[in-house]
Amino acid sequence: MTDRHDAQAEHDAEGQAQFDALIDADSRIEPRDWMPAAYRKTLLRQISQHAHSEIIGMQPEANWITRAPSLKRKSILIAKVQDEAGHGLYLYSAAETLGQSRHEMMDDLLAGKAKYSSIFNYPARTWADMGAIGWLVDGAAICNQVPLCRASYGPYGRAMVRICKEESFHQRQGFEILLELANGTPEQRQMAQDAVNRWYAPALMMFGPPDDESPNSQQSMAWKIKRFSNDELRQRFLGMMVEQVTVLGLELPDKDIRFNEETGKWEHGPLDWAEFWRVIGGSGPCNAQRMERRRDAHAEGAWVREAAAAYAAKQAARAAEKEKAA
Ligand code: BYC
């Protein structure tokens, strides 16, 4: 018993030393490498939340596919929503390498045990929201996710590379929708401005709570999962939006935005963090609707999963028979 304990302790100490060396060298941890249990847990938490966000995030935009103003806009929107499903799949696959099945992750989401991004609990009221979501929400996502391409966990970082390429196309299509509306009739311009007004603060809050209220940041940065803090990324994003909004000829609904010469950082006005925690806690404007839709979609898709599993079993049986005969 003691020998086994000693051997395990020695194995763990060696593993920890190797893990520390890889992190120090800015190298990658791969699925078969030894890793601390808390590192695995944090990654599973973040990657599965991220995957759920992509899947739930399909809803506000899918809602507008039938009402897109032209065939061109409709086909672009369908492609974008489909991309988000793909992002969910890459991320569930990356999370599965940590030892939890996609099935279990989905059960946690459907049972209301798992989080997804706060932003998708807000309604998409007009066509201009497709522009604001692309410009602000995908813009915030890129800002947050480009550094994640260098995350210390290999499968996560590699999934993020492909996701970021697609996100930058998404952001541009949102910008272009807003640009066209901003240069359209006074009503279209107003619709664009209203959408920006409604999505601005929730988009800033996507980056997570302020640094002094972010319990996970410090450890995640030490493990090189996160490369920048929530506030650093929020400030960086704000600077980008301040420039781009002038091209749109619209305004950001915040009179307190300023560039602080001393710190070299962009500052924004106060954000309603009580609202943020309420939304995360399940009481946002669309939480119940989003979860109900997800549960329905899961139930409606049961026959597809069963058919795919039956087909896979048939293929495996055929392959086994062939091998036997050979
Ligand atoms: N929403 O210690 P903190 C997309 C939670 S999808 C909800 O700072 P961390 C798109 C946090 O989980 C974009 N919860 O945490 C898709 C933690 O709770 P737990 C999704 C949030 O992990 C379709 C607690 O608050 N992007 O772009 O160090 C269509 C304390 O926070 C939020 C990602 O998922 C939030 N906004 O940092 C269009 C990016 N913020 O878990 C577009 C990957 C915080 O301890 N994730 N919480 O119970 C990350 O980068 C980090 O997880 C976060 C939070 C920056 C979000």
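The values are calculated or read from the model by the stated rules, or taken from the named source; none is laboratory data. It should be emphasised that the depicted structure is a prediction, and the values quoted were computed from it without experimental measurement. Backbone-built Cβ (ideal geometry, glycine too); neighbour counts: all protein chains shown.
Tabulated values for the structure
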item	result
Considering residues of the range 202-216 that are assigned to a helix (DSSP H, G or I) and surrounded by fewer than 21 Cβ atoms within 10 Å (Cβ to Cβ) only, the residue farthest from the ligand (Cβ to nearest atom)	Asp212
Members of the range 1-34 that are in contact (Cβ under 8 Å) with a residue 24 or more places away in the chain, surrounded by 15 or more Cβ atoms within 10 Å (Cβ to Cβ) and closer than 27 Å to Glu104 by Cβ	Arg28, Ile29
Every residue from the range 217-226 that is over 15 Å from the mean Cα position of the chain (by Cα) and near the ligand (Cβ under 10 Å from one of its atoms)	Ser217, Gln218, Gln219, Ser220, Met221
Selection within the range 223-281 - modelled with pLDDT under 95 and among the basic types (Lys, Arg)	Lys265
Hey, Ala312 within 16 Å of the ligand (Cβ to nearest atom), assigned to a helix (DSSP H, G or I), hydrophobic (A, V, I, L, M, F, W, C) and free of Cβ contacts under 8 Å to residues at least 60 places away in the same chain or not	no
The lone exception for Ala140 - which of (1) within 10 Å of the ligand (Cβ to nearest atom); (2) within 22 Å of Lys41 (Cβ to Cβ) it fails	(2)
Which listed residue is over 25 Å from Asp231 (Cα atoms) and either within 11 Å of the ligand (Cβ to nearest atom) or modelled with pLDDT of 95 or more (or both), from Ala132, Ala192	Ala192
Enumeration of residues in the range 8-66 that are within 16 Å of the ligand (Cβ to nearest atom), farther than 30 Å from Met130 by Cα and touching a Phe, Trp or Tyr at 6+ places or on another chain (Cβ under 6 Å)	Tyr39, Leu43
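Each row is one residue, and each column tells you yes or no for (1) in contact (Cβ under 8 Å) with a residue 40 or more places away in the chain; (2) touching a Cys at 6+ places or on another chain (Cβ under 8 Å); (3) within 13 Å of the ligand (Cβ to nearest atom); (4) over 17 Å from Tyr156 (Cβ atoms).
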residue	(1), (2), (3), (4)
Arg73	yes, no, no, yes
Leu77	yes, no, yes, yes
Asp83	yes, no, yes, yes
Leu91	yes, no, yes, no
Ala95	yes, no, yes, no
Gly99	yes, no, no, no
Arg102	no, no, no, no
Lys113	no, no, yes, yes
